[in-house]
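First comes the structure, then the notes that go with it.
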Amino acid sequence: MKITTEDIPKGKLIMISGEIDMHTSPALRDVLMKLTKKKVTPIIVDLLEVSYMDSSAIATFVEALKNMMSYKGSLRLCNLSQRVSEIFTFAKLNKIFEIYKTREDALKNC
Amino acid sequence: MDEKIVVKNLVTRYGNKTILKDISFSVQQGRITAIVGGSGCGKSTLLKHIIGLLKPASGEIWINGKDITKLSEMQLNDFRKSIGVLFQGAALLNSMTIEDNVALPIREHTHLNEATIKIMVKMKLDLVGLSGFGDFYPSQLSGGMKKRAGIARAMALDPEMLFFDEPQAGLDPITSAGLDALILKLRDIFKMTIIVVTHELHSLFTIADTIVMLDKGELIFEGTVEQFKNAQDDRVKRFITRTPEDENYCPEDYFNILTAD
């Protein structure tokens, strides 16, 4: 898994590629926890290059969202593959996260 | 469709008794395969071989391109991380809460943060309909709830394959139907390869994509549910119609049994 971050006018864009699993999700958690500690908002996560995501990845996003709620931050996920999208829906998280089809949609109003 | 598991000419013995006699069959990726047969036919023994708990006398078991009968104990431990097993009695640790039971494999095999683990465990418990029961101990749960907790634990490490050893045993029909629905959900959503050892006909016809039937350690059927229902083999027919086998009575043998030292 590779994580790249980029500044956007307000907040941060995170681009991830590869698989987010129980071996790699701690690195994603480190990035997200550092940002949420600084109360960064919005955080936009582009999942276009993510081929696989397991429950540790979803738990990591849930924890980040919980942290962001304390400062009314916005965590936006975009470019979910059909498979990843199905898992979010099945885990009943598709209505909890802000999910956008494209990065452009997620970046609106930033 | 890809073959996930291929069993070739498997033979196993307990002492002088041959339990599995030259068993060969394959399991398709993302499908539910049911292993059926009467009590004592070798179903659970076969399952224990496929999950690497027993070594056969001869034969091969190919999973993900590796013959697991040839793996060292360390390699087998790695293999076992990719599978989840629900044992007959759910095998929960009674001294631990349900949450800790489910968290145990994650704590043992990963370096995940405790906050991540707690959320994962809550997700698994919700998946099996046990939200809010994390603080309960196994002794405080019904039989069906214990099975569900066992499934949550089997799912803890997001396995590619799930194995169920008689999941419906001891459950009422409604709880049993709920468990069937859950097994189907795991196949459809997570595209898991699932093997279920069972002798419950209703459940078999509800969940199985493919059926493998054993009788006295021999494989007597491998095919789809429709093929199973139309099979001409007398032993398959008797299983479906729940017809008891005629007692094979031999007066001399019986006398010898009674009078043997």
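Just so it is clear, none of the values below were taken in a lab; they were calculated from the coordinates. These figures come from a predicted structure and were not determined experimentally. Backbone-built Cβ (ideal geometry, glycine too); neighbour counts: all protein chains shown.
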Worksheet item: Given Cα pairs under 8 Å that are at least 6 residues apart, what percent is the relative contact order of chain B?
Response: 25 percent
Practice prompt. Find how many whole Å separate the alpha carbon centroid of region A:49-110 from the alpha carbon centroid of region B:204-261.
Written response: 52 Å
Item to complete: For B:Lys185 and B:Lys55, compute 0.36 nm times the residue count separating them, minus their Cα-Cα distance, and round to one decimal in nm.
Response: 43.6 nm
Worksheet item: With contacts defined as alpha carbon pairs under 8 Å and 6 or more residues apart, what's the relative contact order of region A:2-103 in percent?
Response: 27 percent
Discussion item. Using each residue's phi in region B:119-127, evaluate 6.51 cos²θ - 1.76 cosθ + 1.60 at θ = phi - 60° and report the 3J(HN,Hα) Karplus result to the nearest Hz, with x for Gly and Pro.
Written reply: 5, 4, 4, 5, 5, 5, 5, 5, 4
Worksheet item: Got a sec to turn the phi values of region B:85-93 into Karplus ³J(HN,Hα) couplings, 6.51 cos²θ - 1.76 cosθ + 1.60 with θ = phi - 60°, whole Hz, x for Gly and Pro?
Response: 10, 9, 7, 3, x, 6, 6, 7, 7
Fill in: Dipole magnitude (debye, nearest 20) for chain B, charges at Cβ of Lys, Arg, Asp, Glu
640 debye
Fill in: Interchain or long-range residues, amide H under 5 Å from B:Arg13's placed H
B:Ile19, B:Ala57
Item to complete: Go ahead and collect, in residue order, the members of region B:42-84 whose backbone nitrogen is under 12 Å from a label point 7 Å along the Cα-Cβ direction of B:Glu222.
Response: B:60-62
Worksheet, complete the sentence: Simple spin-label estimate for B:His109/A:Phe90, 7 Å along Cα→Cβ, in nm, reads 1.8 nm
Discussion item. Given R₀ = 41 Å, what would the calculated FRET efficiency be for A:Glu19 paired with B:Ser142, taking r from the Cβ atoms and rounding to 0.05?
Written reply: 0.60
Practice prompt. Please give the direction-averaged projected area of the C-alpha convex hull for chain B, in square nanometres with one decimal.
Written response: 16.8 nm²
Fill in: Cut-off of 10 Å, at most 11 other beta carbons, DSSP loop: longest stretch of chain B lacking such GluC sites (Glu not before Pro)
B:1-244
Item to complete: Quick one: which residues, 5+ away or cross-chain, put their amide H under 5 Å from the amide H of B:Ile220? H built at 1.01 Å from N.
Response: B:Met213, B:Leu214, B:Asp215
Discussion item. Are there any chymotrypsin sites (Phe, Trp or Tyr not before Pro) in region B:193-261 that are in a DSSP loop and have at most 16 other Cβ atoms within 10 Å? List them by number.
Written reply: B:Tyr249
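Suppose R0 equals 41 Å; then what is the FRET efficiency for A:Lys72 and A:Ser51 from their Cβ-Cβ distance, rounded to the nearest 0.05? Can you show the working numbers first?
On the way: r = 33 Å, r/R0 = 0.80.
Efficiency, rounded to the nearest 0.05: 0.80.
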Discussion item. Quick check on region A:2-103: take the gyration tensor over C-alpha atoms, sort the square-rooted eigenvalues as a ≥ b ≥ c, and tell me if it's rounded (a/c under 1.5), prolate or oblate.
Written reply: rounded
Fill in: Note, ³J(HN,Hα) from phi for region B:177-183, Karplus 6.51, -1.76, 1.60, rounded to Hz, x at Gly and Pro
5, x, 5, 4, 4, 5, 4
Worksheet entry | Net charge over other residues, Cβ less than 12 angstrom from the Cβ of A:Lys12 (K, R count +1; D, E count -1) | +2
Worksheet entry | For region B:1-116, with +1 on Lys and Arg beta carbons and -1 on Asp and Glu, the positive-most of B:Leu20, B:His111, B:Ala90 along the dipole | B:Leu20
Worksheet entry | Of B:Ile50, B:Ile240, B:Ile83, the one that fluctuates the most in a GNM where chain B has Cα springs shorter than 10 Å | B:Ile240
